[in-house]
1. What is the stretch 128-220 by shape, rounded, prolate or oblate, if you read a ≥ b ≥ c off the alpha carbon gyration tensor as root eigenvalues and call it rounded for a/c under 1.5, prolate for a/b larger than b/c, and oblate otherwise?
2. Cα centroids of the stretch 222-295 and the stretch 203-219: how far apart, whole angstrom?
3. Mind grabbing the accessible area of Leu255 for me, 1.4 Å probe, Å², rounded to tens?
4. Among the lysines, select those whose C-alpha is under 17 Å from the C-alpha of Lys145, and discard any that sit fewer than 8 residues away in the same chain.
5. Treating only the Cβ of Lys, Arg, Asp and Glu as charged (+1, +1, -1, -1), what charge dipole size does the stretch 207-274 show about its Cα centre? Round to the nearest 20 debye.
6. In what sequence, largest accessible area first, do Tyr150, Tyr115 appear using a 1.4 Å probe?
7. What 222 nm value per residue comes from the helices of the chain, counting each DSSP H run with n ≥ 4 as -39,500 (n - 2.57) and dividing by all residues, nearest 500 deg cm²/dmol?
8. Could you please state how large a percent of the accessible area of the chain is carbon and sulfur, counting protein chains only and using a 1.4 Å probe?
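The values are calculated or read from the model by the stated rules, or taken from the named source; none is laboratory data. Model, not experiment: these values are computed from the prediction. Cβ atoms come from the backbone with ideal geometry, glycine included; neighbour counts cover every protein chain shown. Note: areas computed on protein heavy atoms with side chains; ligands, DNA, RNA excluded. Shrake-Rupley method; radii C 1.70, N 1.55, O 1.52, S 1.80 Å.
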Amino acid sequence: MDAEIGLDASQPESFSDVKSFFESAPPLKNSDSITQKVKEFIHQNSQFSGNTKSVGVVCVTSGGTTVPLEQRCVRYIDNFSSGHRGATSTEYFVKSGYAVIFVHRRGSCQPYCRYLPEDSFLEFFEISNDSEIQVCRPHAPAVKKAIKEYHSAVNGGLLLKLPFTTIFEYLQIIEVVATSMSCLGPRGMFYLAAAVSDFYVPWESMAKHKIQSTAGPLDMRLTQVPKMLRILRIEWAPSAFCVSFKLETDPDILLQKAESALSKYQMHVVVANELATYKREVILVTVGGKVSIRKQSEDADVEDELIKLLVEKHSEYIESCRMG
Ligand code: 9Z3
């Protein structure tokens, strides 16, 4: 999911590519209500001392962004991401006392539902003799656990879910969340596990109506999506702790690409993963070195260990900012 843009840390940033992306993007629907929800959620979770509600606020991004090919969209480019990493990580963050803003692809894997089969509604419920809906007995413990944990996170004010579909929506939501989170200083964290499109069709050059096959083979030029990691670090939420992900299919270039993302975008941590093994192994890359995290058993989640380590690193970071 990578594209080199050759940012130089010594150059003052104009972020002109990011600005022109936002200027030409179709406006985010419900922008005011999203902003209000985010601000309220952050306000409710920004009391960290004394009667501590949460230890920090983390924005978890999850699932893949789409690239529409037509303004009245019939076709789009998509990617493989299921949202499992983001959903699972959200559960472990909540368990560790974090409030989570879960920015996810519509229809992707959701926290507390990841064990449920696709047609879980039909599988888990049945009609009783007196025509009531009831949970099928063998599934009752799993369903109860999922419902209990989900409601406890939501009612406890620790989970806010914001859906996106397109790359335009995704980046606009991240801007709203990041600028709203800047007031949290180092207590804010970004955990950017979404598989973000590298190339897109700018809105103004996109076909308005369905592209016609009668026109023959399709030639299409895709523009590079501006890397928002840098503007996130420098302008939107400069004190937040930032964790980004690097996915590659070629193991020979993975670590080098992760290290380059670490320095180029000034990330605190880059989590490197390879397509063939990403469900069971990740490598945490920091300026201090690399740590490999492997799933210990079939039932274990690699995210369990990963979030433990990130929580540790985040609290060290908060402490180092406090000490100046
Ligand atoms: C990841 O590497 C995630 O771990 C996966 C998770 C997408 C592999 P699933 O959703 O998969 O559980 O099916 N995300 C890649 C994030 C990405 O696109 N990073 C950009 C890059 O590599 C930087 S933001 O350039």
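1. On the way: a/c = 3.60, a/b = 1.43, b/c = 2.52.
Oblate, because a/c is 1.5 or more while a/b does not exceed b/c.
2. 35 Å
3. Number for this one is 60 Å².
4. Lys95
5. Value, rounded to 20: 420 debye.
6. Details: Tyr150 70, Tyr115 160 Å².
Reading off the accessible areas and sorting them downward yields Tyr115, Tyr150.
7. Working: 9 runs with 111 residues, N = 324.
The per-residue figure over the chain is -10500 deg cm²/dmol.
8. Working: 8760 of 16960 Å².
Taking all protein chains in place, the chain shows 52 percent carbon and sulfur surface.
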